1. Say R0 is 45 Å: what FRET efficiency, to the nearest 0.05, do A:Arg275 and A:Arg390 get from their beta-carbon distance?
2. Taking the beta-carbon count within 10 Å as an exposure proxy, list A:His96, A:His236, A:His48 from fewest neighbours to most.
3. Taking chain A as a Gaussian network, Cα atoms linked when under 10 Å apart, which of A:Thr339, A:Thr49, A:Thr167 shows the biggest mean-square fluctuation?
4. Let's see if you can work this out: charge +1 on each Lys and Arg Cβ, -1 on each Asp and Glu Cβ, no other charges. What is the dipole magnitude of region A:123-163 about its Cα centre, in debye to the nearest 20?
5. Do any of A:Lys120/A:Lys241; A:Lys197/A:Lys241; A:Lys120/A:Lys197; A:Lys28/A:Lys120; A:Lys104/A:Lys211 go past 26 Å between their Cα atoms, and which?
6. Shape verdict for region A:330-417, please, from the Cα gyration tensor: rounded (a/c under 1.5), prolate (a/b greater than b/c) or oblate.
7. In a GNM of chain A with a 10 Å cut-off on Cα contacts, which of A:Met214, A:Met148, A:Met370 has the highest mean-square fluctuation?
8. Between 0 and 90 degrees, rounded to the nearest ten: what's the tilt of helix A:139-156 against the longest Cα principal axis of chain A?
Amino acid sequence: MSQTIQAVRGMNDVLPDEAGWWLEFEAKVEAWLERYGYRNIRLPLVEHTQLFRRAIGEATDIVEKEMYSWRDELNDEELTLRPEGTASCVRAAIEHSLLHDGPKRLWYAGPMYRHERPQKGRYRQFHQYGVEALGYAGPDIDAELIVMCAALWRELGLQDVRLELNTIGSPAERARYRADLVRHLEQHLERLDADAKRRLHTNPLRTLDSKNPMVQEVVASAPALADYLGEASLAHFEGLKRLLEAAGIRYAINPRLVRGLDYYNLTVFEWISDRLGAQGTVCGGGRYDGLFAQLGGKPAPATGFAMGNERLIALMRDAGSAPPAKPPRAYVVFQGEGTIEYALSLAEELRRLGYRVVQHAGGGSFKSQMRKADASGAVYALIVGEDELRAGEVSVKPLREPGEQRRIARGRVAEALGD
RNA sequence: GUGGCCGUAGCUCAAAGGUAGAGUCCCGGAUUGUGAUUCCGGUUGUUGUGGGUUCGAGUCCCAUCGGCCACCCCA
């Protein structure tokens, strides 16, 4: 048995080289959210288990087998590490009456937890941005969400992310459809796989999405959900499509797109990339008008989406935009009696002016200090020796561009560093 | 949770049952205070971990942990 302790499976460290991409991604996403007038909400990682059972649905894979749940013996409570953010967001909106003065545009970010087998682009701790528009009923807000996604992909430099769109109607329409679908599936029991049979009476709509060719044949001859939609549902969908077309957003209708979580109705959509292997969904969402009531709140329409940071960052790197490097402007080296104090105050002075300045630490020969200065990527080495100390000066040596080392008065170092 | 492939130096990879190596990185030096280039020297390690077979295992077998790919599902 190894002595070292490893990270928990599927829960990854983001090391400094990679964290640069994360910072750039987060900065771009948050600036983008601000431009659309969405406000941040910060939600706990842990919720009562019951919240997710009620919101996501008992028959979903998430609730059936992927939640990190435990009993907190100290308080005698059933708790769960959040597997997604929408349930928490709606819970908070109800708990604090956030909609009392009108609808709200909100966003949140952070880690989510699902106990799945790790795979490329799929981890047990993964991170997402969630964007939720609470209290808006019309297709205009659905269109807004989709249009803003398209803008973000452009902002991140992503090329081929495609949109799949569908409508799954109202709960009543879906119930009628579901009954007919179950009847159809039951007539072809012998061609259903174990998974489809198991879902027959728990979540039959999910079999529409099956990748098993034999099941797909059965599905192909099944009644279509679109034929069960009433006038209002159709109008909502038509309205959305019209707005998307006006905005120049290309989409593909995917009638088999139902999405996994129970709380969706009407609009559902996914943004998909083909560059990520099997885990190609980069962003997914839809409307969930029933969720407020389902969680015991005053009924309110709502719509939103979540996007996966790991997957989007992978695409961003793939797109080859330059890796974000933020080298220091100057690296301060020093040698001799009393020079460290001089160097330290020089560095502080420059930082107060806004420069990124690294002060050498850890000793070593002058040569090795210079090596570190170079390795830091700094544009200049600032050299403080006993001569400079006595004269109240600093030697400024360019490390990146041609140019001579100059000895200048301490007070003029900042201008030597330029902007 | 199921199936397939794979774990050797910090990193990228050799060693086809017989003494664990290369490149890179890192550290030190090339006449006293000058990086990156060049030259010289040095450490790279319980071969993921634990068992087994064998005179002998990085190599063969089993288990376990981890990674990748796919299924399932989703971000």
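1. 0.15
2. Lowest to highest Cβ neighbour count: A:His96, A:His48, A:His236.
3. Its mean-square fluctuation being the largest, the pick is A:Thr339.
4. 240
5. A:Lys120/A:Lys241; A:Lys197/A:Lys241; A:Lys120/A:Lys197; A:Lys104/A:Lys211
6. Taking the square roots of the gyration eigenvalues as a ≥ b ≥ c, region A:330-417 is rounded.
7. Largest GNM mean-square fluctuation: A:Met370.
8. On a 0 to 90 degree scale, this one is about 30.
FYI, it's all coordinate maths here, none of it is from the lab. These figures come from a predicted structure and were not determined experimentally. Glycine also receives a Cβ, built like all others from the backbone with ideal geometry; neighbour counts cover every protein chain displayed.
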